[in-house]
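Coordinate-derived values only; no laboratory data. These figures come from a predicted structure and were not determined experimentally. With ideal geometry, Cβ positions are generated from the backbone for all residues, glycine too; neighbour counts draw on all protein chains shown.
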Amino acid sequence: MKTNWWVSLLSFLVSVLLVTIMNGCKSSAELTEDYDTLPKLREYTPPQLPEKTLLSREKAEVLLSLRIDEEGNVRRASVLKTSGEAPLDSAAVAAARSWKYSPASKAGKALPIVIEQKVSFAAKLTESTSFYEIVVDRKDLADSLWKILDMGGDFSGIAAKFSTAPSATHGGLRENARYDALPDILRVTLDRLSAGRMSNPVELPDGKYTIVKKSKGLIF
């Protein structure tokens with residue numbers, strides 16, 4: 001029996017990639033038994049991609065050949081059709097070897113089967129933002145610096161002299177920060193600021209204090 005149906009089972013973000021596992025099953029001519037039921041993916045480990053893995057295009061798909069035994073274990077995994085990205089192929093194969101399926105069966109008896117399994121990888125853009133910041137370890141220092149700034153002090157100059165953040169070397173400019181990776185309190189603070197405005201000192205989750213400023217010349 002030859003079947004061709006795909007059901008989306010899982011979507012999750014890995015690094016900058018969205019990975020979708022499509023549950024097979026296109027049975028292979030390698031096995032000739034007829035089946036009443038085909039395997040369904042029950043337990044899975046997401047593909048673990050190398051850090052900073054990037055796609056050279058918007059979407060890539062790898063088609064795997066999986067041999068499923070009578071207990072639903074993957075006994076063999078190989079690439080039938082490459083995604084064109086070797087790290088993606090390798091990650092998909094390595095993950096598939098640990099997946100668990102419900103077994104194929106005929107007349108109530110579990111049987112081995114070879115299926116085709118598609119895994120799709122899609123680039124996912126993440127929102128970024130840029131802003132000026134001064135980060136210090138003490139609240140009293142943050143309060144003192146804020147008073148100087150409120151009286152017209154130069155934000156970039158003060159950031160360069162007092163801030164402990166890496167952005168201090170750029171006059172406090174923090175560029176292209178991942179918005180979803182910022183602490184909640186910082187996102188809320190930035191969202192409330194209009195261009196050119198500065199915040200009061202804000203306590204961060206790590207116990208430090210920051211003063212942030214939106215520049216008229218930056219796009220958010």
Legend entry - Under Karplus coefficients 6.51, -1.76 and 1.60, residue-wise ³J(HN,Hα) of the stretch 132-148 in Hz, glycine/proline x: 9, 9, 10, 10, 9, 8, 10, 5, 5, 5, 4, 5, 5, 5, 4, 5, 5
Inset, instruction - Go through the stretch 107-113 residue by residue and turn each phi into a ³J(HN,Hα) via Karplus (6.51, -1.76, 1.60, θ = phi - 60°); whole Hz please, and just put x for glycine and proline. - result: 6, x, 9, 6, 9, x, 7
Inset, instruction - Taking H placed 1.01 Å from N in the peptide plane, check which residues at least 5 places from LYS118 or on another chain put their amide H under 5 Å from its amide H. - result: MET22, GLY24, LEU64
Inset, instruction - Report the label-to-label distance for ALA94 and ARG75 in nanometres (one decimal), using points 7 Å from each Cα along the Cα→Cβ vector. - result: 2.5
Inset, instruction - List the trypsin sites (Lys or Arg not before Pro) within the stretch 74-108 that fall in a DSSP loop (any state other than H, G, I, E or B) and whose Cβ has at most 16 other Cβ atoms within 10 Å. - result: ARG97
Inset, instruction - Please give the contour-minus-distance gain from ASP36 to VAL188: 0.36 nm per residue of separation, less the Cα-Cα distance, rounded to one decimal in nm. - result: 49.2 nm
Legend entry - Efficiency of FRET between THR82 and LEU204 - r from beta-carbon atoms, R0 41 angstrom, step 0.05: 0.35
Inset, instruction - Can you tell me the relative contact order of the stretch 56-101? Whole percent, Cα pairs under 8 Å, sequence separation 6 or more. - result: 39
Inset, instruction - State, to one decimal in nm, how far the label point of SER130 lies from the label point of LYS109, with both points 7 Å from Cα in the Cβ direction. - result: 6.9
